[in-house]
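*Asks:* Let me begin by handing over the structure; questions about it come next.
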Amino acid sequence: MADVNMDTSEGINEGNEADEVERDQKAVLYSVEDTPPWYLCLLLGFQHYLTAVGAIISVPILLSGFFCMDKDTVGISELIGTIFFVSGIATLLQTTFGVRLPIVQGGTFTFVTPTIAILLQPQWECPYTKAREQNGTDVNFTALGLDEIGSDGHREIWMKRIREIQGAIMVASIFQVVIGFSGIMGLLLRFIGPLAITPTIALIGISLFSAGSSFASQQWWIALTTMFLITVFSQYMRNVNVPCFSITKEKGCSKTKLPIFSLFPVLLAMIISWVICAILTATDVLPNDPNKWGYSARTDIQIDVLQKSKWFRFPYPGQWGLPTVSTASVFGMLAGVLASMVESVGDYYACARLSGAPPPPTHAINRGIGIEGIGCILAGAWGSGNGTTSYSENIGAIGITKVGSVRVVQVGGIVMVVLGCLGKFGALFATIPGPVIGGMFMITFGMVTAVGLSNLQYVDLNSSRNIFILGVSIFFGFSMPEWMGRNQDAVDTGNDIVDQILTVLLSTSMFVGGTIGLVLDNTIPGTDEERGIRKWRKLTQDSDGPTGGSRMHIYDIPLIQNCLNKVTLFRYIPFCPSFLKKATHAQSKYEKGGVPVAMYGVENPAVDVTEEYNTKI
């Protein structure tokens, strides 16, 4: 009787989980496997580009002063074009061969802190910055023995600094490639449950509030207008279908309706706010004085970039010269790589949940981290001055638009590559006012935070143990980085390299909060049911369960998967979909008294599991 009750209970639980998955799939307009019409793909892909453009542009602009570019607008536009080009390539690699989820790759702020730390060393002191500090803003550089801004001599000064960062990123990223493809990251995932994932994802969004507020506070009314428009379009008007025409081979030109406001809330809101800023700029409603509040909402601030940039420029590896490598720079950048990996794992789970995909299995996460490392190596080779990582704001955009199609993000990657070569077009988007970007950040970062908190549905929130872990991990994840930001010299081990690594890690809220949650969840006694591990493992490991065993092919390697299934060797390679699954899966079926079924379906089994299991016993 106990067995019967247990089977009945399991059947009820599996039915409930099947309903949950079905609801998740219905919650998106286009899921991972869906391909919208080509015109929607183009527009939605462009929306992802526009969503990422603020963060991607902000990285080279932020670092330009440390690179000693000193208002060399042409050089800055070339750096912006390069980072867009590399981000597009990394996005295509990640969505095609990596984790295969609709995740945009772009410049990462986790590399900014070690980059600044490296360039603040005495040997990299910028003579132009020093001259401005001593002589004010109007400086005669020629009289001081310095080359004019933008001259060949000046360009060599900032290119030399970028070459140092290039070498550090390329060497440090090899570590990430090894961690991913060797399966070490997958081994660590065995100890990761909802109470470790929740603070990691939630703090990704919450910790970026300063970036959102700094942009939005430049002109709160414009930022609030952007937020209002996104909210209206994505929530109140999401069921409003706009009549339009479509052309197909079967029906020709026909009338149809599209949920325009649900598909393009971010794009529409940003364009409308951008136009409002342009009108206010043309009518001089916004102040002309850079020291007055609201000046940053003007659209003509960066107009000189649009005038001076080239129409076409193809970025290429080594465009700034041969990268240089130093031990201190490599170990300093390694801290950024570690923080980026922790952040990306949380992004994978968040993206899968928002896009209607089953949670990524171990092999997909291993492959995603490895491909991300390759993307960073390419970013270093091309000289973007930064690495690449998964973009949380674009994951938030998926939650708002309800479009989780991989094809859309791949189109967005192609748009990045193309526009990275079109200097004028890329420079045009440098004129997007900061308050518009800030308003968009407020909404998308909030979505990422909510997705992180939604993982608490798996744990028992009536347990004082779980409440303790959750509260401590999130609060400490805020507190330690805040303290480190105000005490940059607090870490003093006697070794500069170790100090730099610890400073970067302890300044990263996702790393601090996620680590605390991981340690406490695995050391404080608690049952699997209480910790949410039982449901979590069903979602992340049971590929034949109601979470969509047939849908796990989403994470298969394209084109060659059938060939890989036929080779026994690939079952022992951590980033292959067949990694150590067949025998374990078959054995579990026999233990349950079930009929052995191959992992990839009865119709086209990868191996004969019955024969394999009989052979093993």
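The values are calculated or read from the model by the stated rules, or taken from the named source; none is laboratory data. Small disclaimer: the values here were computed from a predicted structure and weren't measured. Here the Cβ is made from the backbone with ideal geometry for all residues, glycine too, and neighbour counts use every protein chain on show. Keep in mind that these areas ignore ligands, DNA and RNA; they rest on the heavy atoms of the full protein, side chains included. Shrake-Rupley method; radii C 1.70, N 1.55, O 1.52, S 1.80 Å.
*Asks:* With a 1.4 Å probe and all protein chains kept in place, how do TRP483, TRP320, TRP382 rank by accessible area, largest first?
*Replies:* From most exposed to least exposed: TRP483, TRP382, TRP320.
*Asks:* What distance in nm separates the two pseudo spin-label positions at LYS255 and GLU148, each 7 Å out from Cα along the beta-carbon direction?
*Replies:* A separation of 6.3 nm, rounded to one decimal place.
*Asks:* Moving on to the next point. What list of ³J(HN,Hα) couplings, whole Hz, do you get for the range 99-107 from phi and the Karplus terms 6.51, -1.76, 1.60, once you set θ to phi - 60° and write x for glycine and proline?
*Replies:* 6, 6, 10, x, 10, 7, 9, x, x
*Asks:* Do any trypsin sites (Lys or Arg not before Pro) in the range 262-310 lie in a loop, going by DSSP, with at most 12 other beta-carbon atoms within 10 Å of their beta carbon, and if so which?
*Replies:* Here the sparse-neighbourhood loop sites are LYS292.
*Asks:* Let me ask another. Calculate the FRET efficiency for ILE303 and LYS130 from the Cβ-Cβ distance with a Förster distance of 30 Å, rounded to the nearest 0.05.
*Replies:* Taking R0 as 30 Å, the efficiency between ILE303 and LYS130 is 0.55.
*Asks:* State the Cα centre-to-centre distance between the range 381-409 and the range 75-108 in whole Å.
*Replies:* Result: 8 Å between the Cα centres.
*Asks:* Around SER340, under 15 Å between beta carbons, what's the net of Lys plus Arg minus Asp minus Glu among the other residues?
*Replies:* -3
*Asks:* How much accessible surface does ASP347 have with a 1.4 Å probe, in Å² rounded to 10?
*Replies:* Result for ASP347: roughly 0 Å² accessible.
*Asks:* Same structure, new question: Give the residue from SER207, TRP220, MET170 lying farthest towards the positive end of the charge dipole for the range 156-314; charges sit on Cβ (+1 for Lys and Arg, -1 for Asp and Glu) and the dipole is referred to the Cα centre.
*Replies:* Among SER207, TRP220, MET170, the one farthest towards the positive end of the dipole of the range 156-314 is MET170.
*Asks:* Sticking with this one: Can you list residues whose amide H is under 5 Å from THR388's amide H, if they're 5+ apart or on another chain and H is modeled 1.01 Å from N?
*Replies:* So THR388 has HN proximity to CYS376.
*Asks:* According to a simple spin-label model (label point 7 Å from Cα along Cα-to-Cβ), what is the distance in nm between ASN239 and SER479?
*Replies:* According to this spin-label approximation, the distance is 4.6 nm.
*Asks:* Collect residues whose amide H, placed 1.01 Å from N in the peptide plane, falls under 5 Å from the amide H of GLN105; neighbours closer than 5 in sequence don't count.
*Replies:* THR91
*Asks:* In Å and from the alpha-carbon atoms only, list the Rg and Dmax of the range 267-422.
*Replies:* So, for the range 267-422, Rg and Dmax equal 20.0, 56 Å respectively.
*Asks:* Further, regarding this structure: Hey, rough spin-label estimate for PHE468 and VAL232, points 7 angstrom out along Cα→Cβ, what's it come to in nanometres?
*Replies:* So the label points at PHE468 and VAL232 sit 5.0 nm apart.
*Asks:* Between the range 170-214 and the range 363-378, how many Å separate their Cα centres?
*Replies:* Each part's Cα centre sits 12 Å from the other's.
*Asks:* Then there is this: Per 5 Å bin, what is the whole-percent P(r) computed from every C-alpha pair distance within the range 356-412?
*Replies:* 4, 15, 17, 25, 22, 11, 5, 0
*Asks:* Follow-up question, since we're still on this one. What length, rounded to one decimal in nm, is gained on full extension from LEU62 through to ASP528, with 0.36 nm per residue of separation minus their alpha-carbon distance?
*Replies:* 163.2 nm
*Asks:* Let me ask something additional. Stretch LEU42-SER213 to full length: gain in nm at 0.36 nm per residue minus the Cα-Cα span?
*Replies:* Difference between extended and current length: 58.5 nm.
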